[in-house]
Amino acid sequence: MEYDEKLAHFRQTRLNPFDRGEEEDQPEGGKATQQHEASSELFSETKTHSSDRTMDLGLAEDHFSRPVGSFVASDIEQLKLAIEECKKLILELPEHSERQKDTVVKLIHLRLKLQELKDPEEDEPNLRVILEHRFSKEKSKSVKQTCDKCSTIIWGLIQTWYTCTGCYYRCHSKCMNQITKPCVRSKVSHQSEYELSICPEIGLDRQDYRCAECRTPISLRGVPSEARQCDYTGQYYCSTCHWNDTAIIPARVIHNWEFEPRKVCRSSMRYLTLMMPRPVLKMKEINPLLFNFVEELVEIRKLRHDILLMKPYFITCKEAMEARLLLQLQDRQHFVENDDMYSLQDLIDISTGRLSCSLTEIHTTFAKHIKLDCERCQAKGFVCELCKEGDVLFPFDSHTSVCHECSAVFHRDCYYDHSTTCPRCARMTDRQQDEVEEEK
């Protein structure tokens, strides 16, 4: 009770910067005297500030001087009024003046306090699971993040927020119960395939003139909400679900070899981001004619084929296993498993020339180990049995050909001249016949 009486007396004698009437009625000397008396009576331990600084501090006196936990509903209304008055004062003060800068700072503090009262910080769990999202509580105080649900800034200083560890969906703690979209990573895990039709539009009428995700009414006229098309799905979305993000569209790459980013909705952007390193594109089946027009693809296919021929040498070589040569392709493990599956990231790197350079370097390293550095791998080479001349041959050499039946290696010219006969296959056939005769 004593605190409330002192606070009421202090408010009566304190100068209010928004009360223009009092400012005009009272003389300067009287105001300074009353301020000094009130300050010395209530806060004798604090130092006396200048009159201008005292006026500015008056903006927040009603909201920051109370004990913690004593806020009531009227405080929010008072803060709103103080914010509006602070805005007016900023416009009236001279531009770039010190008082205007101080008032702007005070306005920021008032807004933060208002947000804190509306959304008080509570003890939140560190991990929450909603619609297959695995949300982890963030400790970052950055204010540069945006909530994917309400499309407003996340004030990390005073708000609790979470990030999905699977699809990186970010949202306020208060928005989590309003999430209706399942985690995109679950779709990537269960349905790892792209939409291979270019912008398959179905029209707003088929969507009932509603957002394809949140079902908010939309139209091309922007009334009641703007309709934004996703170039990946071909559907229309509201501005909350479609932020005009851009991404490379897989269908346009495969059919047109086009890498220009197009506007996509938020869910499509997250899906394409997670799918980008996944080798799900079988180019031979989807668009085999592309190899006739893109020379870089042919070069990469040859390098990948050679690497698959080198793989048996490495998995049986102790030195190669200790050196972990195959781990040089750990970012593209599918390169040591097959030569016909591509990821969207592979195609992007092929178009920029980055993949050709890195893969050529790895190919050279692998060939050097087999042909020069390792005696065990050298011993697994072949001698052309057709001409029985020349150096030791390996299946990945550019001037060699490999028998499809027994995998023997020959000079390419020799193999074409004697394509009807393979000495190794002939010996194996004779051996089998001899075994059959012996059994009889």
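Since every read-out is calculated from the coordinates, none of them should be taken as a lab result. Bear in mind the structure is a predicted one, so any value in this text is a computation, not a measurement. Using ideal geometry, Cβ is built from the backbone for each residue, glycine included, and neighbour counts are taken over all protein chains shown.
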(message) Under the rule of at least 5 residues apart or a separate chain, name every residue whose amide H is placed under 5 Å from the amide H of ASP245.
(response) VAL264
(message) For GLN235, what residues show an amide H to amide H distance below 5 Å, using hydrogens built from the backbone and excluding near sequence neighbours?
(response) CYS230
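Give LYS302/LYS380; LYS174/LYS263; LYS137/LYS187; LYS106/LYS181; LYS144/LYS181 a once-over and call out the pairs whose C-alpha atoms are over 31 Å from each other. Please report the intermediate quantities before stating the final value.
Details: LYS302/LYS380 22 Å; LYS174/LYS263 29 Å; LYS137/LYS187 23 Å; LYS106/LYS181 39 Å; LYS144/LYS181 23 Å.
Correct reply: LYS106/LYS181.
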(message) Can you give me the orientation-averaged projected area of the convex hull built on the Cα atoms of region 122-229, in nm²?
(response) 8.6
(message) Please compute the modelled spin-label separation between ASN338 and VAL294, points set 7 Å along Cα→Cβ, answer in nm with one decimal.
(response) 1.7
(message) About the Cα centre, and with charges only on the beta carbon of Lys, Arg (+1) and Asp, Glu (-1), how big is the dipole of region 86-237? Nearest 20 debye, please.
(response) 380
(request) For HIS305 paired with GLU285, estimate the spin-label separation in nm (one decimal), with each label point 7 Å from Cα along the Cα-to-Cβ line. (result) 2.0
(request) Compute the FRET efficiency between GLU375 and ARG424 as 1/(1 + (r/R0)^6), taking r as their Cβ-Cβ distance and R0 = 35 Å, and round to the nearest 0.05. (result) 0.90
(message) Charges on Cβ only, +1 for Lys and Arg, -1 for Asp and Glu, centred on the Cα centroid of region 241-334; of GLN330, SER268, ALA247, which one is farthest towards the dipole's positive end?
(response) SER268
(message) Run the numbers for GLU84 and THR352: contour at 0.36 nm per residue of separation, minus the present Cα-Cα distance, in nm.
(response) 91.1 nm
